[in-house]
Amino acid sequence: MSAVNDGMAADYLVSVTDFDAERNTVNSSSDARNAIRNRSFLRCLSQLKLEDIEAKKIRIALGEYDDCKESAVQRARATHSKLQEKYNDLAHEQAKLLRAGKITKAEYDSSIARLRHAFQKELRALQLKEKLNDALRNCHKILLRQINGILSERQWKAFVDCSKN
């Protein structure tokens, strides 16, 4: 049992190092980091022809973004990990029952599907209770305002249009 990116949107997991990797032609980062870059707003930033000064300012804004969201990301990962452990234990119990012949394969599949659904539902509820989404969304809004102030009107429009897709 797990959620992609510990249940967080890729935009919330972007870091300044991802921006640096995106701007370099040689990219040796992990598949996970590449996936975050490709599914986040960095994909749209990379399509803009940024001047060096714009890139420098965006890099500074991303550093501030990293600082802003650090605590919320750590709490979200801890919440995901703890919940994952709980649901993996439940799934292992179902596997034991299947191996022992106490439930059928169909019952096992149904039980696992229910566990996955319950995992996702509980993860979302815990994130809301901890106000993690609010904290991450606030940091993201601040970053977007900073990016808006750095980009030209044409670049901002292109960035927004790209982000909608």
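Quick note: the coordinates plus some simple rules give every number you see, no bench work behind them. Note that this is a predicted model, so its numbers are computed, not measured. Don't worry about glycine lacking a Cβ; one is built from the backbone with ideal geometry, like all the others, and counts go over all protein chains shown.
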In what sequence do Lys164, Lys121 fall when counting other Cβ within 10 Å, fewest first? Lys164, Lys121
What helix-only [θ] at 222 nm does the chain give? Using -39500 (n - 2.57) per DSSP H run of at least 4, over all residues, to the nearest 500, the answer is -26000 deg cm²/dmol
Debye log10 I(q)/I(0) at q = 0.12, 0.20 Å⁻¹ for the chain, Cα point scatterers: -0.65, -1.24
Under a crude label model (7 Å from the Cα following the beta-carbon direction), how far is Arg39 from Glu130 in nanometres? 1.8 nm
The helix 52-99 Cα axis meets the longest alpha-carbon principal axis of the chain at an angle in degrees, between 0 and 90 and rounded to 10, of 10 degrees
